[in-house]
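Working notes, structure below.
The values are calculated or read from the model by the stated rules, or taken from the named source; none is laboratory data. Here the structure is a predicted model, which means the values were calculated and not measured. Note that we place each Cβ from the backbone using ideal geometry, even for glycine, and neighbour counts take in every protein chain shown. Ligands, DNA and RNA are excluded from the accessible area calculation, which covers all protein heavy atoms including side chains. Shrake-Rupley method; radii C 1.70, N 1.55, O 1.52, S 1.80 Å.
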Amino acid sequence: MTALAAAGIREKCLESGMDDYVAKPIDVAKLMAALDRHTAGRASSLVPSGKDNTLTDTPEVQRDAMLARLGGDESLFEEVVDLMQIELPRLMDTLREAVESGDAFRIERAAHTLKSCVGHLGVNRLQALAKEIEYMGRDKALAGVPDALAELTDRTERVLDLLPSLSMKAA
Amino acid sequence: MRILIAEDEAISRRLLQVRLGKLGHEVVVTCDGDEAWAALQAPDAPSLAVIDWMMPGMHGPDVCRRVRARADGPYVYLILLTAKSRPEDETEAREAGADDYLEKPFDAADLERRLAEGQRVVDAVAGGAERPIPARASTG
């Protein structure tokens with residue numbers, strides 16, 4: 001990246017061994033296009049769409065997205081769905097216990113691990129809620145925790161109801 | 001090659017184990033920082049490690065610092081994994097001595113590229129090359 005957008009700079013960059021050239025100030029579209037050129041189009045697919053995808057309406061679509069993230073490995077997918085049904089309730093219990101204890105550090109840690117776990121599902125809202133609680137713990141500002149936990153509990157239960165239907169074994 | 005993984009979250013741990021196994025690596029699995037540090041002190045310790053940031057016991061950067069504090073110890077290429085995403089985290093990772101820094105959820109192909117880079121460095125050091133000094137954040 002360079003703030004020198006003058007003519008000839010691009011050639012100089014490429015000559016000196018750079019693979020590509022993006023002028024500053026950064027135009028996100030141009031930067032993504034440059035990244036896509038060198039990652040076979042994967043870069044822009046990593047940018048969150050901002051959509052609150054949920055498992056509720058389209059388990060098939062969700063399954064396809066999860067499977068794609070696992071490189072199409074179906075046996076690994078089955079294993080993740082099985083593990084998720086064990087880990088998600090366990091991590092929620094740990095988080096609830098941490099919240100009951102009022103210990104900000106425990107809350108931060110429990111929410112952090114939960115955030116990592118639900119990250120595998122690709123359900124943005126779940127991950128965002130876990131992250132909110134993690135940061136409330138980190139900042140020792142626990143006033144919003146009960147509301148966030150209530151929504152997280154509700155959404156987690158819905159996901160747990162749907163998880164078995166994602167499994168190919170059920171199909 | 002032998003690769004150590006340290007990850008407390010069960011699904012991430014399993015995914016790493018399966019991915020690395022499929023790439024033909026022998027995986028040493030640990031579930032927290034203390035176990036990872038113990039495994040890195042073993043006589044047959046792996047020379048490449050993928051270590052999660054926030055774990056029970058020692059955190060990832062602490063493990064990195066301990067590895068780098070061993071002046072005469074065996075060389076280890078360190079990749080820190082993190083679900084944290086604050087800009088200052090990468091600086092802390094580098095200062096702790098990590099060679100690379102990868103945010104979760106990561107792309108399998110990206111992990112593969114970074115492992116290949118790690119393997120290149122490990123092979124070079126084994127062949128007598130000077131140990132790379134992890135990039136430090138600028139203090140100026």
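At a probe radius of 1.4 angstrom, the accessible area of the range A:95-171 per residue rounds to 45 square angstrom. I want to verify the translational diffusion coefficient of the range A:56-171 in µm²/s; compute it with Stokes-Einstein, Rh as the Kirkwood radius over Cα pairs, at 10 °C and 1.306 mPa s. So the translational diffusion coefficient is about 109 µm²/s.
In whole percent, and with a 1.4 Å probe on the protein chains, what portion of the accessible area of chain B is carbon and sulfur?
Percent of accessible area from carbon and sulfur atoms in chain B: 49.
When each of the peptides B:48-59, A:109-120 is scored by the mean number of other C-beta atoms lying within 10 Å of its residues, the order from highest to lowest reads A:109-120, B:48-59.
Remark on the range A:99-123: accessible area falls by at least 40 square angstrom from chain-alone to full-complex state for A:R109, A:H112, A:T113, A:S116, A:H120, probe 1.4 angstrom. At the residue level, A:L166 shows approximately 0 square angstrom of accessible surface with a 1.4 angstrom probe and all protein chains present. Counting Cβ atoms of other protein chains within 10 Å of each Cβ in B:49-57 and taking the mean gives 2.
Entry note, the range B:36-140: relative contact order of 26 percent, from Cα contacts under 8 Å with a spacing of 6+ residues. Taking the centroid of alpha carbons for each part, the range B:1-75 and the range A:100-171 are 26 Å apart. For the range B:85-135, the square roots a ≥ b ≥ c of the C-alpha gyration tensor eigenvalues yield an a/c of 1.5 or more together with a/b not exceeding b/c, which makes the shape oblate.
Just check chain B against the gyration tensor rule for me: Cα atoms, a ≥ b ≥ c as the square roots of the eigenvalues, rounded for a/c under 1.5, and otherwise prolate or oblate depending on whether a/b exceeds b/c.
Since a/c stays below 1.5, the shape of chain B is classed as rounded.
The A-B contact accounts for roughly 2000 square angstrom of buried accessible surface, both chains included, probe 1.4 angstrom.
Each principal axis of the range A:111-161 carries a Cα extent, and these read 31, 19, 14 Å when sorted largest first. Remark: for residue pairs A:K131/B:K104; A:K30/A:K115; A:K115/B:K22, the C-alpha separation exceeds 20 Å in A:K30/A:K115; A:K115/B:K22.
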